[in-house]
Structures are given as C-alpha cells and as structure tokens.
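The values are calculated or read from the model by the stated rules, or taken from the named source; none is laboratory data. The shown structure was predicted, so the numbers you read here are calculated from the model rather than taken from an experiment. All Cβ positions, even for glycine, are placed from backbone atoms using ideal geometry, and neighbour counts span all protein chains on display.
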C-alpha cells in the first residue's frame, strides 16, 4: 500500500509558523491535543509563556520550580499582589525580603551557567530605588531587548546611560518615576572617571518612553543622536522645573535648560535627528503646551513630523485647535490617537474628540480611556431621556460644538453624523458616571448597537463604565456582530454584578435547547416592552438644518409611557400606532426611508429592543459563529465584589472553553 501524500501540517517548521500567530490559550486548549507532532511543536511555546512573579513577604516559590521556570521563559513580569481585594500597596525594602533574595540569587546563578533566555522584563510593582533595578537587570543585561520599569519610587538622578550601557541590545525602554527624577550631564560628570558610563555612538533603540522626568535639552539631544533608527518617542509629563530644595539643584542649572515643547527650534532639532519617527507623545508636567499654541503653530509642529502615524496627547491639552490641526494636516496619514492622564475637562475633551471621529475615516486605533464620553452622543433617535433634558454639565462654546445651551433648559444635541472610522481596530473609551442610568438597559443598548454597526472591524475593545449592564436586555449580545474581535475588556462596578447573567448566547454555535431558551426569554421581555408604548416620529433623521425640538412628555404611568419626539409628525389617533415604529399590519415604518442610512450604515432601531430580536433571528437562520477569533475576555470590578463576579466566570469558561476569561 503506497504511503499517503504528506500534508504541510506534518512539517514541524510550518506548524511553528502557524502557532506563532495563535494565542497561548488557543495553543494550550486546542493545538497541543491534536496529535503527538502538534504537541511536540507546541510544548516549547507553552513552556516559554511569561513568568509572572508576585512580590510578597509571604510568597516563596519552590526553588526547583522557580529555577526551571526561569530557564524556560523569555518574559519576566513582576506584579504587585492585591491585599484584601484592593490595590493598596505598602512600600517596602525588597532587599530584605526572602522572596526577592531568592529571585535575584536564581538569576545570578543561572546567568553564570548561561541557562537564561529572558529577553523581556516588565516591573509593575513599586521599586524602592534604582539599586533594585540593577540587582534585577545585571544578570540579564547583555540579552535584554525590552525593559519596562513602571513604578520607581524615588531617585534624584536617573542613571539612564548606565542602563543603556548595561543593556546594549535594548530595542524598547520605558521608565516611569513616581516622584520624579532628572536626567542631566552634571550627574554624569560627578561620577568617578572609572565608573562613568560612556554612551555608545549607536544604539538599537526603536522605542523610548520617559515619564515624569526632568530632562536637560542637551542631554536629550545627545541621547537621540545615538538612536539613529528610533521610531517611537514618548516624553510624558516631563518636569518643567528643578526641585525646590537648593541642595538638590545642580550647579548652574536653570529651568530654561530643561526640555520644553513650546520652543520651536528645539522641536526642529528633534525632527532632524529622528527622521524615522512614527509614534510621538509630547506633554510637559503642568504646562499644557498644546492648548497654548495657536492653530498655525500647532500645524507647524505637525508638519515637522510627516511620517508620524500615531500621535499621543495629554487630554487636558487637547483642545479644538489641536484636533482641527490633526484633521487638516494628518487626515490621510494619522492612524492612531491616544489620550492620557486626564484630570480636568474630561467631558469637554470627549465632546471634541467625538466630533473629530465623525470626520476621520483613516483612524485605526483610538485609546482614550481617560476621556469621558456620553451615551446620548450615540443616540440618533432620542430614546434615552424621559424628562426632556440630559444629565451632566454642558459648556457654552462656539458653533462647532455639539451641545447647545438655551435659556432655562438644555435641548438635545443634533446628531446627523456618525463616526467615520469604519476600519477602527482598537477602541478604549470611558463613559461618564454622571451620564444617566445605565441600569435601565436603554443606554447600554444604544452603546453596543452603535459600536457594532459603526465599527464592524474592531479587534480590541475596552469599555469603562461603572454602571454598565451586561445582560440580554442591556444588549451586550449586540457585540457578537464584531466577527473580528480578539480582545474584550470591561470595567464595571460591583453593584452591577447581578446584571451579568444569561451567557448562553456566547456559545460559538447555540444548541437547539439554548436557542429555545433564548427565544422564550425574548418573547417574555418583548411582551413587557409591548406594554410600554413609545411613539417616534415617522422620519427620525429627517432634518439636517436645525436641531429637533426637545422631548415632550405626554403621559406617564407606572407601566405605560408615551414620549413623542416630533408631535407634528405623529398620527392624531394614537390607538392606531403600535410600539417600536410598526404599523397595524406588522410592517415597520421607514424601512425604505433612505434617511435611516447615514454614511452608508443602516442605523435603524439602534437602542431599541427590536435590534436584539433581529440579531438573534439572523443568527438562528444563518447559524453564524459568535466571536470566532476571540482570545481573551476580561471583566474588572471597580472596588470590592470580585468574589461575586468570580461565580460568573466559570459559566463563561464552560460555554467558551476556547477563550481566556480573566
């Protein structure tokens, strides 16, 4: 009998290339169980998964287990443990902890025998001083390619050059000091000549991030001159002055010698030294340099970096002039925007950013987890507010503003436009806690329905709303339209944990029993909705010249409400009208109305219960897979109550064993 033809999946090298594009969870659950060959190829990948080490006085791993894991892994992550369900952290001297001594001793021993292959180190736990940094990276220095130090407790001078000399192969460096530090030439000159580090003429750095640091201009320019191929430069919240204590100020140092992004000649020097920059963040301490510029000056800075496709800003410095400059100068090239460290004017920045998104078709990534959005910006038919005015504050602004202030009350904003970024892949956003009540389900349905239609190609979605409702009535299932979604994350309040119910619809393909249960539940909820008659205008998106009139409250009782958006367009005989915009013959009004199409997207029934019914009818008839590419699903509770949420996660893991539930 002739042997069968070999398949490409029988070649280990081909399998290794395929597994490189899969998540560790998928490899562990599926690929490693196919056959012996697949297990043999997957085993080294699984052994090389990141080693997460927790600093704790009571944490002490078995020496044999820790030594073996250090030999196999390529990524070391040092995280802080949560005590009593909180993020409270007590600064301690690590060098006196048995667990820290054990870790550093193992690193030194394995380094001498050349048994380490760690190339990435991430420290999320607070470090007491720079000495602990060198205890950690000294045995790993020659082979490190990525180093992130997120929380260094205190240091007057930053030994940046010493780190770069110790780790010559670094391609990505991120340093964040909690209480500030300074990088200047005087620190280098004060060292003994035998201990003075000499910065190489050429570094392999591709990404450099410095946060909460004061840097002298000449020191930064000398560093950038050694980074010929730098592609990402993030200078976040740079200090604008020296310490108030005179003894800590170097001789001859002045505030003018520190980096300031308001100096046009200095910005031109950075552009000349680093011509290959693709990602930039410039923000300086309490100096919101961007919103102090005029539009001409902002446009001039943007023109200095024509190759930049990812801009990051401190959102308190993102004003209307900046977003207009981005729209005019970088509309065809800008693909990524990030807003960080917002403390004031968060809803104002969200309003401006929402307008910008309506005119930016080329945007692919948006991370604005610190900016406050509001759900009624996505409400195209005005079904949210029952009292005729919206919650929260508004700001009197120019005619370009979305919100309009009138005497004695607030009228609804007129939203003819929707987001233009159809190819958006990454979206991180936050919704204001004052933005009405998400518990009633309508706001959640508007949010999920809007995102699932306007951004169909989302791959990563993170939403922070303390009172977000994640159940069938809240429309969480509407996100199943996102067939390319890979990572999904929510941050909610513990008070809403009871609303995370009914996860049967998350199955890749629902069984007949699951379909029957979903159908029965929809009928029950729809029956309740029938008793709450809501009448809308015949053409909800009819006018584009002026804002529509405010809501008019007609009649209200416990189970029956009637709200008319446009009284003149509604029939005089209300008994002939049925809820959800249906005629007596069962046909929906406005189905052929082109006004429902906005920029080619059908926005009919967004926020209504009918949107959920149509979703499941389409899924039952076509039997499509729910989230075929999803890798991780994370739900984070704000405050206490994580133990209650843990009761829901096993049900999700049972339904979707192919995804990682965190």
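A few points about this structure:
- Elements of the type strands (runs of 3 or more DSSP E) sitting completely within the stretch 90-209 and holding at least 1 residues that are touching a strand residue (DSSP E or B) at 6+ places or on another chain (Cβ under 6 Å), surrounded by 14 or more Cβ atoms within 10 Å (Cβ to Cβ) and at pLDDT below 85: these cover 146-152, 172-183.
- Just so you know, in the stretch 449-475 the residues that are in a helix (DSSP H, G or I) and touching a helix residue (DSSP H, G or I) at 6+ places or on another chain (Cβ under 6 Å) include one that is nearest to residue 358 (Cα to Cα), and it is 450.
- Within the stretch 352-372, considering residues that are surrounded by fewer than 21 Cβ atoms within 10 Å (Cβ to Cβ) and out of contact with any helix residue (DSSP H, G or I) (no Cβ under 8 Å at 6 or more places or on another chain), the one nearest to residue 491 (Cα to Cα): 369
- Tally, over the stretch 479-514, of residues that are under 21 Å from the mean Cα position of the chain (by Cα) and modelled with pLDDT of 85 or more: 12
- Subset of the stretch 212-226 that is crowded, with 21+ Cβ neighbours inside 10 Å and free of Cβ contacts under 8 Å to residues at least 60 places away in the same chain - its residue that is nearest to residue 153 (Cα to Cα): 213
- Residue within the stretch 280-298 that is at pLDDT 85 or above, part of a loop (DSSP other than H, G, I, E, B) and under 22 Å from residue 369 (Cα atoms) present: no
- Here residue 316 does not qualify as in a loop (DSSP other than H, G, I, E, B), at pLDDT below 75 and under 24 Å from residue 237 (Cβ atoms).
- Check on residue 45, modelled with pLDDT under 75 and in a helix (DSSP H, G or I): yes
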